[in-house]
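Worksheet: one structure, shown below.
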Amino acid sequence: MLLTLGLNHNTAPIEIREKLVFSPERITQSLQSLSKLSSVEEAAILSTCNRTEIYCDISLQQTDQLITWLAEQHQLDEATIRNYLYSHTEQHSIKHMSRVACGLDSLVLGEPQILGQMKSAYQQAHHAGTLGKYLGRLFQHTFQVAKKVRTDTAIGSSPVSVAFAGVKLAKQIFGQLDQQTALLIGAGETIELAAQHLKEQGIGRLIVANRTLEKAHAIASQGQGYAIAIKDIPEHLAEADIIISSTASSLPIVGKGSVESAIIKRKHKPMLMIDLAVPHDIEREVGAMSDVYLYCVDDLKSIIDDGLQSRREAAEQAEEIIDIQVSHFQTWIRSQNASTTIQQLRQQAQHTREQQLQKALDALNNGTPAERVIERLANDLTNKILHAPSSTLKQAAADGNASLLSAAQQLFKLKN
């Protein structure tokens with residue numbers, strides 16, 4: 001049975017979501033731990049700033065077992081997280097994964113980054129060896145659905161994303177950005193998008209900080225900027241009018257002390273700080289400081305809502321596409337049940353064939369005329385193959401089981 005367990009920006013505040021994030025470094029270990037649960041046969045984990053979800057092929061609906069495991073992984077009490085969690089099974093789980101991949105369940109409707117994050121979740125599970133026939137196929141199906149929705153609808157036509165919302169906020173505050181300096185912290189897709197949008201808005205100067213300088217330089221060079229190491233941020237913080245941060249760090253990168261020093265160097269010229277990371281990259285105490293305007297992911301909702309009308313219309317089309325594709329995947333699942341039966345039937349027929357063929361060959365070797373051997377082989381094969389279904393149908397008739405008799409007529413294409 002397919003099962004999804006998780007929480008997202010709609011069901012849990014950021015204070016809860018950040019406690020349940022799986023860092024990239026521990027995903028493989030967590031997946032292998034998850035797959036050892038008695039009821040779990042396949043597993044994958046999607047963990048982003050806005051959601052943590054567990055996808056399973058599970059023998060029984062052991063939601064409580066998964067909740068216990070999730071709480072233990074993060075050293076939390078079950079009661080702390082239980083009310084924030086949702087679960088979906090079978091077709092509801094299939095539909096939910098498609099909606100997530102298409103961006104229909106995102107903070108920013110139709111945002112494209114989530115598809116890349118789902119692909120990463122698939123690759124991590126594949127690498128960890130926790131994917132099998134059903135969940136592996138479901139991921140591939142989900143990616144195909146997302147591609148179809150992107151191709152056939154206008155869900156991605158408007159440039160609306162968390163990164164776009166952050167840059168839009170900066171433009172609302174500063175007006176023109178050609179005199180401003182932006183410091184981007186991180187080198188993931190969100191920061192790449194932020195750099196792209198800042199360049200489009202004519203940002204005056206761009207600084208990109210990351211642990212890997214090569215990645216930071218690749219982004220900075222697009223906007224005629226330069227790269228620095230994470231550890232050098234305090235030295236450059238005073239230069240930045242706009243700070244946008246999105247990393248996978250488990251601890252804050254920018255502390256109150258370094259911001260205080262920067263504000264003094266800036267002679268209290270205001271700074272806009274946008275923290276798109278979960279857990280936070282910027283210490284929360286920074287938000288209480290004068291001359292600092294700190295926003296996190298949840299604060300951007302009102303800005304994001306301004307550009308969503310066209311995506312809402314496209315989302316209605318996307319929902320219809322998803323419903324059809326969910327039905328197709330359920331048909332595939334049902335066909336897998338039939339394939340096992342067909343395989344067993346073929347194996348039984350093959351065994352009968354080999355037995356009767358050997359008898360025929362022995363008869364030929366003993367001098368029995370070939371014509372008699374062929375005739376007996378045909379009769380014996382027919383009798384052996386039809387014996388079991390004939391006996392079952394006779395018993396069905398005696399029991400008044402008309403549905404089985406009708407099924408036999410359909411199965412063997414018999415004419416009344």
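Coordinate-derived values only; no laboratory data. All values reported here derive from a predicted model rather than from experimental measurement. Methodologically, a virtual Cβ is constructed for each residue, glycine included, from the backbone with ideal geometry; neighbour enumeration extends over all protein chains shown.
Could you calculate the contour length gain from residue 345 to residue 87, that is, 0.36 nm times the residue separation minus the distance between their Cα atoms, to one decimal place in nm? Write down the numbers at each step before the final one.
Working: separation 258, 0.36 × 258 = 92.88 nm, distance 3.74 nm.
Extending this stretch completely gives an extra 89.1 nm.
Full extension of the chain between residue 309 and residue 229 gives 24.8 nm of extra length, using 0.36 nm per residue less the Cα-Cα distance.
Think of the chain as having a plus end and a minus end, set by charges on the Cβ of Lys, Arg, Asp and Glu; of 258, 277, 361, 361 sits farthest toward the positive end of this dipole.
Counting only Cβ charges, +1 for Lys and Arg and -1 for Asp and Glu, the dipole size of the chain around its Cα centre is about 1200 debye. Using a Gaussian network model of the chain in which every pair of alpha carbons under 10 angstrom is joined by a spring, one finds that among 361, 193, 184 the greatest mean-square fluctuation is at 361.
Using only Cα atoms, figure out Rg for region 1-75 and give it as a multiple of 2.2 N^0.38 Å.
Values: Rg = 11.8 Å, N = 75, 2.2 N^0.38 = 11.3 Å.
Normalised by 2.2 N^0.38 Å, the Cα Rg of region 1-75 equals 1.04.
When 1/r is averaged over all different Cα pairs and the result inverted, which Kirkwood radius in Å belongs to the chain?
Numbers: mean 1/r = 0.0392 Å⁻¹.
Final number for the Kirkwood radius of the chain is 25.5 Å.
Pick from 137, 284, 372 the residue whose mean-square fluctuation is largest in a GNM of the chain, springs joining Cα atoms under 10 Å. Looking only at 137, 284, 372, the biggest GNM fluctuation is shown by 372. If only the Cβ of Lys and Arg carry +1 and only the Cβ of Asp and Glu carry -1, the dipole of region 28-114 around its Cα centre is close to 180 debye.
For a paramagnetic label modelled at 7 Å from the Cα of residue 291 toward its Cβ, which residues of region 236-258 fall within the zone defined by backbone nitrogen distances under 12 Å? Only 238-239 fall inside the zone, counting backbone N under 12 Å.
Every helix of 4 or more DSSP H residues in the chain counts as -39500 (n - 2.57), and over all residues that averages to -17500 deg cm²/dmol at 222 nm.
Net charge in the neighbourhood of residue 224 (other residues with Cβ under 13 Å of its Cβ; Lys, Arg +1, Asp, Glu -1) is +1. Between the amide H of residue 42 and those of 57, distances stay under 5 Å, these residues lying 5 or more places away or on another chain, with hydrogens modeled in the peptide plane. Cα-based radius of gyration for region 183-246, normalised by 2.2 N^0.38 Å, reads 0.95. For the options 80, 153, 89, a Gaussian network treatment of the chain with springs between C-alpha atoms closer than 10 Å singles out 80 as fluctuating the most.
Tell me the net charge near residue 100. Cut-off is 9 Å between Cβ atoms, residue 100 excluded, with +1 for each Lys or Arg and -1 for each Asp or Glu. Result for the neighbourhood of residue 100: 0. Relative to the current alpha-carbon distance between residue 239 and residue 19, full extension at 0.36 nm per residue lengthens the span by 76.0 nm. Summarised in one figure, the compactness ratio Rg/Rh of region 157-286, Cα atoms and Kirkwood Rh, is 0.93.
With the simple spin-label model, which puts each label point 7 Å out from Cα in the Cβ direction, the residue 298 to residue 410 separation comes to 5.3 nm.
Which whole-number percent gives the relative contact order of region 2-157, counting Cα pairs below 8 Å spaced six or more residues apart? Relative contact order, region 2-157: 29 percent.
Region 246-340: percent of C-alpha pairs farther apart than 16 Å? Tail of the P(r) past 16 Å holds 71 percent of the pairs.
Applying 1/(1 + (r/R0)^6) with R0 = 30 Å to the Cβ-Cβ distance of residue 338 and residue 362 gives a FRET efficiency near 0.25. Projecting the Cα positions of 127, 34, 75 onto the charge dipole of the chain (unit charges on Cβ atoms of Lys, Arg, Asp and Glu, taken about the Cα centre) puts 127 furthest along the positive direction.
When DSSP beta bridges are limited to those with both residues in the chain, what percentage is antiparallel, rounded to the nearest 5? Counting only bridges with both partners in the chain, antiparallel ones make up about 45 percent. On the basis of the beta-carbon distance and an R0 of 22 Å, residue 73 and residue 39 show a calculated FRET efficiency of 0.85. Peptides 36-44, 265-273, ordered by how many other C-beta atoms sit within 10 Å of their residues on average, highest first, read 36-44, 265-273.
Net charge around residue 333, counting only other residues with Cβ within less than 11 Å of its Cβ (Lys, Arg = +1; Asp, Glu = -1)? Don't jump to the answer; show the numbers that get you there.
Working: positive: 133, 137, 334; negative: 57, 90.
Net charge in that neighbourhood comes out at +1.
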